[in-house]
Amino acid sequence: MFVTSLAVGLAGSKFKIMRVKAGQFQKEIPKLKSNQMETITEIKRTTDYSLFKQLPNEINRELSVSHVNKVKRSMESKHLIVPILVNENMEIIDGQHRFQAASLLGLPIYFYVIAGYDITDVRLINTTSKVWTPGDHIISRANEGDPLYKKIIEFMEEFDFGPSTAMGILTLKSGFADMKNDTLEISDQSFRRAYATALKLKTISKLVGEGFHESHFALGFCDMLTVDGFDFDAFVKRLKKSNTKLREELANGASRKGFKLAILRAYNHGLAEQNKVSYPEYG
């Protein structure tokens, strides 16, 4: 059995018939009564990229090369049918990065036509759309029953970490790309290390405030734990004795590098030169 949609209209002979085996769907398409739905447009498919027009950069935002590359990697993994939107002049209203990525890979363009749309509608679409955040991915997969993501949520809840901070401590990077590509792996050893790190961060928070919840602070601290000679207990003792300025600096590092430098200064404060530690990146 096939579900068939014939693409007609603009340059009709250049558009192909889309055929999908019913068995490919996870669930049977429900039989709907005619008064329950109506067809307002059709999804078309073509590999004739010359049919499409980009809105001028002067009025539309420029293409992001990095985002095109991200979309390409996603399409190489699995080419989902996510149609782009064009107007009656074949100007791309929504989906310019998907169009660019698909054309670079030689993949067909799926699209639909809505007449009358222009740059004002482009701005409206991009103003109201919301991309998936790391938290959205974590919650969705945990609700599907994925044990790894359930463990991540337990870790977040125990220490009141946001998604970025939790993933930073667990993976020592953002981990977001791995989540989107469904390649995230976190070993039991990494969880044990993360819990030990989180407990240390909690201890520091009593001295410097809530800054330990920031992902940059957490990652900077994780980096410092790898430094030869860095003694956490000694660091806590020095923090207790340090002046207010040092504590404020530690709580407001602003970036991963900034926090590492602040931790170094706080740790080395009052030490003889031969007893000071250094991060390899800074000497």
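Name, by its number, the condition in (1) in a helix (DSSP H, G or I); (2) under 21 Å from VAL68 (Cα atoms) that does not hold for ASP182.
Here ASP182 meets the rest and fails (1).
Does VAL65 satisfy the criteria of being of a type outside the set (Ser, Thr, Tyr) and under 24 Å from the mean Cα position of the chain (by Cα)? Quick ask: steps written out before the conclusion?
Values: of a type outside the set (Ser, Thr, Tyr): yes; under 24 Å from the mean Cα position of the chain (by Cα): yes.
Yes.
Specify which of the listed residues (GLU154, GLU76) is within 18 Å of ASP178 (Cβ to Cβ) and charged (D, E, K, R).
Just one listed residue meets the conditions, GLU76.
Can you give me the number of residues within the stretch 95-107 that are buried (at least 18 other Cβ atoms within 10 Å of the Cβ) and either of a type outside the set (D, E, K, R) or more than 18 Å from ARG73 (Cβ to Cβ) (or both)?
7
Of everything in the stretch 226-269, what is surrounded by 11 or more Cβ atoms within 10 Å (Cβ to Cβ), modelled with pLDDT of 75 or more and in a loop (DSSP other than H, G, I, E, B)? Give them in sequence order.
Once the filter is applied, which keeps residues that are surrounded by 11 or more Cβ atoms within 10 Å (Cβ to Cβ), modelled with pLDDT of 75 or more and in a loop (DSSP other than H, G, I, E, B), the stretch 226-269 yields VAL227, PHE230, ASP231, SER255, HIS269.
Could you count how many residues in the stretch 140-153 are surrounded by fewer than 13 Cβ atoms within 10 Å (Cβ to Cβ) and either closer than 18 Å to LYS202 by Cα or charged (D, E, K, R) (or both)?
So the count comes out to 1.
The values are calculated or read from the model by the stated rules, or taken from the named source; none is laboratory data. All of these numbers come straight from a predicted model, not from anything done at the bench. Virtual Cβ from ideal backbone geometry, glycine too; neighbours counted across all protein chains shown.
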